[in-house]
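Throughout, read-outs are computed from the coordinates displayed, never taken from laboratory work. This is a predicted model, so every value here is computed, not measured. Because the Cβ atoms are built from the backbone with ideal geometry, glycine has one as well, and the counts that use them run over all protein chains shown.
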């Protein structure tokens with residue numbers, strides 16, 4: 001492997017790859033009233049590190065991660081805390097035609113580990129995620145491109 005200018009080579013390749021080609025479809029979601037214990041079991045069952053939190057109409061309201069749950073473990077009645085009270089409510093989203101490079105930049109700048117992917121404006125249900133991409137997905141793709 002040639003390590004000369006490795007960042008530049010990876011960045012160029014990541015700028016050419018679209019999120020729709022690598023995103024995970026069929027986003028695992030949890031309702032806002034789901035408990036931390038239920039969410040922990042769901043994430044564990046599916047081998048995931050996070051899920052979208054949805055409102056009554058299926059609209060994305062936030063994201064909950066294993067780290068969000070880890071932060072409350074040990075608090076009184078942590079198992080019964082609802083997703084709504086422990087989720088990250090600020091949604092950072094991208095479209096399926098955004099590139100992996102763009103997603104990586106957003107994650108670095110916002111200090112987040114996953115992005116929900118929504119349909120392009122006017123296509124499908126605009127408030128429902130069509131996919132998700134995590135930092136691990138981008139790192140895995142960068143490694144694939146280098147090798």
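Compute the acute angle (0 to 90°) between the alpha-carbon long axis of helix 135-146 and the principal axis of greatest extent of the alpha-carbon atoms of the chain; round to the nearest 10°.
20 degrees
Tell me the volume per residue, in Å³, of the convex hull enclosing the alpha carbons of the chain.
Cα-based convex hull of the chain, divided per residue, equals 119 Å³.
Can you sort 79, 33, 57 by how many other beta carbons sit within 10 Å, fewest first?
Values: 79 14, 33 11, 57 8.
By the 10 Å Cβ count, ascending, the order reads 57, 33, 79.
Per DSSP H run of n ≥ 4, the term is -39500 (n - 2.57); total these for the chain, divide by its residue number, and report the mean residue ellipticity at 222 nm rounded to 500 deg cm²/dmol.
Helices in the chain give a 222 nm mean residue ellipticity of -11000 deg cm²/dmol.
Could you give the angle, 0 to 90 degrees to the nearest 10, between helix 100-110's Cα long axis and the longest principal axis of the Cα atoms of the chain?
50 degrees
So what's the angle, to the nearest 10 degrees on a 0 to 90 scale, between helix 36-46 and the longest Cα principal axis of the chain?
Here the helix axis deviates by roughly 40 degrees.
Can you tell me what percent of all Cα-Cα pairs in segment 19-76 are more than 15 Å apart? Before the final figure, lay out the partial values.
Numbers: 841 of 1653 pairs.
So the portion of pairs separated by more than 15 Å is 51 percent.
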